[in-house]
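The values are calculated or read from the model by the stated rules, or taken from the named source; none is laboratory data. Here the structure is a predicted model, which means the values were calculated and not measured. Positions of Cβ are backbone-derived with ideal geometry, glycine not excepted, and every protein chain shown enters the neighbour counts. Ligands, DNA and RNA are excluded from the accessible area calculation, which covers all protein heavy atoms including side chains. Shrake-Rupley method; radii C 1.70, N 1.55, O 1.52, S 1.80 Å.
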Amino acid sequence: MKLLYSLVALLGISSVAFGDNSCNQLLSSLADPSKCVQVSISGVHYQSLAQEGYKGNLVFANGEFVLRESLYNLQTYETTCSPRGLVQPFAADNQFRVDDFSIRLSDGNLRLKQVNTQLTCNGNVGFFNLNNFYYTVALKSYDSCPKLYYGEPCNTPTVTPTTTPTPTPTVSPTNKPTTPPTGTPKINYKSDIDSNWVTNGVTYYQYRVTVTNNESSPIKSIEIHSDNWNPTEFWNIERNQQTGNLGFPSFVVNLQVGDSFSFGFVSATVNPTFSTVKIVRS
């Protein structure tokens with residue numbers, strides 16, 4: 001496996017790096033509270049050779065890199081059987097979430113699941129060992145947090161209808177409508193807070209908004225408006241640069257009746273609200 005070969009190579013480097021416990025240069029270059037720092041951790045157990053990994057997004061606050069949301073953890077001893085009958089590791093359906101993780105800038109102290117250890121560095125790569133696992137750490141800074149692609153929800157429509165669809169008119173139109181429907185669109189918005197943190201005395205919230213189509217037919221386009229969401233960053237949603245209104249992300253071509261998609265954003269706003277400007281039926 002490419003991952004195993006990479007780990008073996010990196011662990012060879014780490015034998016040199018463990019003699020140097022200063023990560024000051026690497027961590028200082030990432031210490032910007034306005035940025036999103038993504039962390040990727042790969043580990044191998046030196047006795048069983050089991051592998052595990054962690055991935056998540058961090059923010060720099062109060063001298064530490066702390067979690068913006070849960071850290072995702074996948075393990076080779078959580079396996080699944082593929083459609084081809086092969087046992088595959090890293091069963092994403094059984095991924096774990098870790099809410100206790102931080103790296104301190106001043107001395108490289110790394111805390112994982114209530115245990116403190118020392119992060120050491122060789123160039124742009126960090127290393128630590130914990131519970132008979134040897135880990136390598138990679139950190140990268142972004143203006144806004146990218147998707148992890150590491151066991152988080154895919155945001156594909158899976159929600160079962162929760163309301164009874166409006167009955168279809170008894171007289172069918174002779175031509176398919178090409179204009180948006182009239183009346184108030186039956187679109188539901190549900191906001192959840194996945195995490196929150198304080199930066200420079202300001203509390204920020206990471207929101208997940210689930211948009212559900214309660215119309216009587218699929219929709220292929222939507223225009224969403226909010227006066228108060230005020231995001232510092234957002235994902236899985238498109239924003240019109242001229243109007244500021246929001247629309248489907250590229251992976252949503254049609255939103256079937258009763259189906260949902262979710263988008264996320266970070267904001268200091270408490271209880272942001274969303275409304276539908278218009279929709280276009282499929």
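Compute the orientation-averaged projected area for the stretch 23-64 from the convex hull of its Cα atoms and round it to one decimal in nm².
Working: hull surface 15.0 nm².
Average projection, Cα convex hull of the stretch 23-64: 3.8 nm².
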Under the 7 Å Cα-to-Cβ spin-label approximation, Ser221 and Asp99 lie apart by a distance in nanometres of 4.2
Please list, ordered by chain and number, the residues whose modelled amide H lies under 5 Å from the amide H of Val277; skip anything fewer than 5 residues away on the same chain.
Glu223, Ile224, His225
Per-residue ³J(HN,Hα) for the stretch 133-138, Karplus 6.51 cos²θ - 1.76 cosθ + 1.60, θ = phi - 60°, Hz, x for Gly and Pro
9, 9, 10, 10, 10, 10
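Work out, step by step, the length gained on full extension between Asn129 and Tyr189: first 0.36 nm times the residue separation, then minus their alpha carbon distance; give nm to one decimal. Please list the in-between numbers first.
On the way: separation 60, 0.36 × 60 = 21.60 nm, distance 4.40 nm.
Contour length minus the Cα-Cα distance gives 17.2 nm.
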Globularity ratio of the stretch 209-282, using Cα Rg and 2.2 N^0.38 Å:
1.08
Points 7 angstrom from Cα along the Cβ direction at Glu238 and Asn200: gap in nanometres?
3.3
Does a label point 7 Å from the Cα of Val87, set along Cα-to-beta-carbon, have any residues of the stretch 22-55 with amide nitrogen under 18 Å, and which are they?
45, 47-52
Ala138/Asn230 FRET efficiency (R0 30 Å; Cβ-Cβ; nearest 0.05):
0.40
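First compute the accessible area of the stretch 239-282 with a 1.4 Å probe, then give the percent of it belonging to carbon and sulfur atoms.
Values: 940 of 2090 Å².
Within the stretch 239-282, the accessible surface is 45 percent carbon and sulfur.
In what sequence, highest mean first, do 57-66, 193-202, 142-151 appear when ranked by Cβ atoms within 10 angstrom? Please report the intermediate quantities before stating the final value.
Numbers: 57-66: 18.9, 193-202: 11.9, 142-151: 14.2.
Descending packing order for the listed peptides: 57-66, 142-151, 193-202.
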Simple spin-label estimate for Ser40 and Ser28 in nanometres, 7 Å along Cα-Cβ:
2.7
Per 0.36 nm of contour for each residue apart, how much would the distance between Val253 and Ala268 grow if the chain were fully extended, relative to their Cα-Cα spacing?
2.3 nm
